[in-house]
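Since the structure comes first, as structure tokens, the remarks are kept for the end.
The values are calculated or read from the model by the stated rules, or taken from the named source; none is laboratory data. Worth saying up front: this structure is predicted, and the values here are computed from it rather than measured. Glycine gets a Cβ as well: all are built from the backbone with ideal geometry, and neighbour counts include every protein chain shown.
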Amino acid sequence: MKTLQIATRVDEDIKLEAQKVLKDYGLDLSTAMRMFVTRIAKTHTIPLRLDEPTIVAEPFKSEKEATDFATDLSLGVLKSETW
């Protein structure tokens, strides 16, 4: 099988952080990229959660607000879009 080189650009900080994580798994960046591309080709899917919602947590403005939220949550009064 003929192999080809794929080049991509990524922020330096992202690359360095990814390399740290991959090292903990005993992998280098090239191997991880090969694994990623191979999985896409074999499964015809993207092996990432693209539909995961981003939750931005904002601090409570007061202790009462936090207590009220916890009470409502425990009573099941909160709607899912609230949090």
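Worth a mention:
- In the stretch 6-26, the qualifying residues are those that are assigned to a helix (DSSP H, G or I) and in contact with a helix residue (DSSP H, G or I) (Cβ under 8 Å, 6 or more places away or on another chain), and the one that is surrounded by the most Cβ atoms within 10 Å (Cβ to Cβ) is Leu22.
- Within the stretch 27-72, considering residues that are loosely packed, with under 10 Cβ neighbours inside 10 Å and part of a helix (DSSP H, G or I), the one farthest from the chain's Cα centre (by Cα): Lys64
Conditions (1) among the polar types (S, T, N, Q); (2) modelled with pLDDT of 95 or more, marked per residue:
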site	(1), (2)
Gln5	yes, no
Lys15	no, yes
Thr45	yes, no
Leu48	no, no
Thr54	yes, no
Glu58	no, no
